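Trainee: Got a structure for you, questions after.
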Amino acid sequence: MHAAPRASTILTVTLNFALDLTYGVDRVAWHGVNRIASVAERAGGKGVNVARVLQALGHRALVAGLVGGRTGEAAREELRRAGLRDVLVAIGGQSRRTVAVVDTDSGDATGFWEPGPVVTSAEWRTFIGAYRQHLRDADAVVLSGSLPGGVPTDAYRILCELAAAEGVPTVLDADGDALRLGLDGRPTLVKPNADELARVTHNADPVVGAQALRAAGATAVVVTRGADGLLAVAPEGSWIATPPERIAGNPTGAGDAAVAALVAGIVTGTGWPERLADAAALSAAAVAAPLAGSFDANAYCRCLPEIDVRPMDPPPS
């Protein structure tokens, strides 16, 4: 009798953990008083959002990162209530809060992100030890978001290299120096949005920018472009995935939903066109959901067969 195969585990890393507050306002009155129509509070940070989407899709996600203070404890307790398993390392500093104000009339969202705590060198070493341990059971790693103070600026390079040494593929979703220096770790996939890509490459052309990230160390690059969909440049080819329509709502977690689909595609071995269609549909469905880390299942099912995935012609070199 053969043993049942082990379910895949995706380790999502959020170094700058957060407690997310989402305020729904009928219409935002800047420079005036706003009556809040709805309030939601839950654990956040980009990697946590990815883990929530993976869990909803039926994958096993393990939340890793650094968490501290009353804010961190409240976020960790919410993770437990949501049924998400975590291996978070406790720190002395206070985890940050993020506030998203969603104008329910227009669907636009405005974010206010606190900077986060300062991490000590001893706390960083403790995290590295825990990360090494959990890599042994991981089938893929997602490295997402900003870096708190005290963490090395090349933290994502370090984490990518440790994963590569264990044969574990990595997905990197970051901005600025965290992204630029992380490329030296040769991540399996990098997922910037169009603005992040332009900032790090100093080029507004997403195809040229994606090629530049590959030349700098990324094996594959997927660029999220809002309502214009996704663009992928990989060793196997290059594609554009376009959704059928613009969906109004809260775009805060749309990129994280795309990352969830992309890392799931790596783990399951899904081909690029299908992987990109799934990422584009999930991203659109996340906009239709009120909170980052969620997606509208009906919108996802409606969008998925309508996503137009086409090879780029001519493909970039």
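The values are calculated or read from the model by the stated rules, or taken from the named source; none is laboratory data. Please read these numbers as outputs of a predicted model, since none were measured by experiment. Ideal geometry is used to build each Cβ from the backbone, glycine not excepted, and the neighbour counts take in all protein chains shown.
Trainee: Do any strands (runs of 3 or more DSSP E) lying entirely in region 47-153 carry at least 2 residues that are touching a Cys at 6+ places or on another chain (Cβ under 9 Å) and buried (at least 20 other Cβ atoms within 10 Å of the Cβ), and which ones are they?
Mentor: 140-144
Trainee: With the requirement that a residue be charged (D, E, K, R) and buried (at least 24 other Cβ atoms within 10 Å of the Cβ), what does region 235-266 give you?
Mentor: If the condition is that a residue be charged (D, E, K, R) and buried (at least 24 other Cβ atoms within 10 Å of the Cβ), then D256 is the only one that fits.
Trainee: Given the residues E161, E196, which is the only one that is part of a helix (DSSP H, G or I), surrounded by fewer than 19 Cβ atoms within 10 Å (Cβ to Cβ) and acidic (D, E)?
Mentor: Sole residue among the options that is part of a helix (DSSP H, G or I), surrounded by fewer than 19 Cβ atoms within 10 Å (Cβ to Cβ) and acidic (D, E): E161.
Trainee: What single numbered condition from (1) surrounded by fewer than 23 Cβ atoms within 10 Å (Cβ to Cβ); (2) at pLDDT below 95 fails to hold for G293?
Mentor: Single failed check for G293: (1).
Trainee: Which of the residues spanning region 14-31 are over 17 Å from P251 (Cα atoms), hydrophobic (A, V, I, L, M, F, W, C) and touching a residue at least 40 places away in the same chain (Cβ under 8 Å)?
Mentor: Within region 14-31, L15, F17, A18, L19 meet the criteria.
Trainee: Okay, next question. When region 169-183 is examined, which residues are found to be touching a residue at least 60 places away in the same chain (Cβ under 8 Å) and farther than 19 Å from G253 by Cβ?
Mentor: P169
For every residue, the table says whether it meets (1) outside the structural domain of N49 (by TED's automatic domain parsing); (2) part of a helix (DSSP H, G or I); (3) under 13 Å from A140 (Cβ atoms).
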position: I240; (1), (2), (3): yes, no, no
position: P244; (1), (2), (3): yes, no, no
position: T252; (1), (2), (3): yes, no, no
position: G255; (1), (2), (3): yes, yes, no
position: V259; (1), (2), (3): yes, yes, yes
position: L262; (1), (2), (3): yes, yes, yes
position: T270; (1), (2), (3): yes, no, yes
position: E274; (1), (2), (3): yes, yes, no
position: A281; (1), (2), (3): yes, yes, no
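Trainee: Residues being in contact (Cβ under 8 Å) with a residue 24 or more places away in the chain and on the phi > 0 side of the Ramachandran plot: count how many of those fall in region 184-230.
Mentor: Here the count works out to 4.
Trainee: Let me ask something else. Can you report the number of residues in region 255-304 which are within 14 Å of the chain's Cα centre (by Cα) and at positive phi?
Mentor: Residues that pass the stated criteria total 1.
Trainee: Just to verify a result, which residue in region 168-187, among those that are of a type in the set (D, E, K, R) and either in a loop (DSSP other than H, G, I, E, B) or touching a helix residue (DSSP H, G or I) at 6+ places or on another chain (Cβ under 7 Å) (or both), is surrounded by the most Cβ atoms within 10 Å (Cβ to Cβ)?
Mentor: D173
Trainee: Further question on the same structure: When region 32-67 is examined, which residues are found to be over 21 Å from A100 (Cα atoms) and either touching a residue at least 40 places away in the same chain (Cβ under 8 Å) or in contact with a Ser or Thr (Cβ under 6 Å, 6 or more places away or on another chain) (or both)?
Mentor: Matches in region 32-67: L54, A56, L57, H59, R60, A61, L62, V63, A64, G65, L66.
Trainee: Here's another thing I want to ask about it. Can you find a residue in region 20-33 that is under 22 Å from A289 (Cα atoms), of a type in the set (S, T, Y) and surrounded by 14 or more Cβ atoms within 10 Å (Cβ to Cβ)?
Mentor: Scanning region 20-33 turns up at least one residue that is under 22 Å from A289 (Cα atoms), of a type in the set (S, T, Y) and surrounded by 14 or more Cβ atoms within 10 Å (Cβ to Cβ).
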